[in-house]
Amino acid sequence: MPASFLHGVETIEITKGARTIQTVKTAVIGIIGTAPIDEVEEQYRTINEPTLILNETEALRYFGKSKAGFTIPDALDAMFDQGAGIAIVINVFNPAKHETVADVIMSDIIGGVDAVTGKRTGLKAFEDCYSLFGYYPKTLIAPVYCENTAIVSEMNVICNKIRAMGIVDAPVGASVQDVITGRGSQGTINFNTSSERIILCYPHLKVYDTETDTIKLQPYSQRLAGVIAAKDIEKGYHWSPSNTEIQGIVGVEK
């Protein structure tokens, strides 16, 4: 038997902050998306840089409040609603390059290697996590952007490299028939994958928005990631997240 074979759950210690935190590796969630970093203090702004977030206070400090069009603040809030988990977050919104969040394109999310600096960007930056933190995220999400087939394909590539699971959402408004046919070659949505590392989510979830006093739709993936992390910490990675209450929602899209 290989000497490196792991018997049981692997835990990690995080020394960031005032006290050491111990958690299981499978409870580390990788989030990529956009944040209104032009509204946070300059010293906390990060672009294409994996950033470790341990709690809601750090989430607000580094990535700001929920704002229309930006995905990271909502994703972190959805994750922490489930009561457990830590995140490694990559923001691709660059105020010097993008006038608005609508200017962020798929290639920003997919990323690459900068020819000048040699720095990885986008999803590819998750490959740097081991050298930065000593571990990789074991669940990857790209809320909203994962509704694009090209993003799902790249998520699968990264998941295979770092041995993670990727959670992707069907597009908003997709019908049950769209989801079923989307699994085949004739499908018109992002569900045509046979990868064992990609988890497919449908439908979107209804969440109360305190900023607008309305009910809005949010991706299922960001709350499922939190549910999985909480379950792994409480029961162990071998426990299914099935039949677990999802916190912070008031209903479902369909």
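Out of GLY187, GLY111, I need the residue that is in contact with a Ser or Thr (Cβ under 7 Å, 6 or more places away or on another chain), of a type outside the set (A, V, I, L, M, F, W, C) and at pLDDT below 95. Which one?
Only one candidate qualifies: GLY187.
Only one of ALA164, ALA150 is buried (at least 19 other Cβ atoms within 10 Å of the Cβ), closer than 20 Å to GLY33 by Cβ and among the small types (Gly, Ala, Ser). Can you tell me which?
Going through ALA164, ALA150 in turn, just one is buried (at least 19 other Cβ atoms within 10 Å of the Cβ), closer than 20 Å to GLY33 by Cβ and among the small types (Gly, Ala, Ser): ALA164.
Return yes or no: is VAL227 under 17 Å from THR26 (Cβ atoms) and either out of contact with any Lys or Arg (no Cβ under 6 Å at 6 or more places or on another chain) or touching a residue at least 24 places away in the same chain (Cβ under 8 Å) (or both)?
yes
Please go through (1) buried (at least 18 other Cβ atoms within 10 Å of the Cβ); (2) in a helix (DSSP H, G or I); (3) touching a helix residue (DSSP H, G or I) at 6+ places or on another chain (Cβ under 7 Å); (4) not aromatic (Phe, Trp, Tyr) for VAL179 and return the number of the only condition it doesn't satisfy.
(3)
Against the conditions (1) modelled with pLDDT of 95 or more; (2) among the polar types (S, T, N, Q); (3) over 30 Å from ARG183 (Cα atoms), where does THR117 fall short? Just the number, please.
Here THR117 clears every test but (1).
Can you pull out the residues in region 65-117 that are of a type in the set (Asp, Glu) and part of a loop (DSSP other than H, G, I, E, B)?
Correct list: GLU99, ASP114.
Just the residues that are touching a residue at least 60 places away in the same chain (Cβ under 8 Å), within 16 Å of ALA225 (Cβ to Cβ) and not hydrophobic (A, V, I, L, M, F, W, C), please, taken from region 51-76.
Within region 51-76, THR71, ASP74 meet the criteria.
The values are calculated or read from the model by the stated rules, or taken from the named source; none is laboratory data. What you see is a predicted model, and the numbers here were worked out from it, not measured in a lab. Cβ sites come from the backbone with ideal geometry, for glycine too, and all protein chains shown count toward neighbours.
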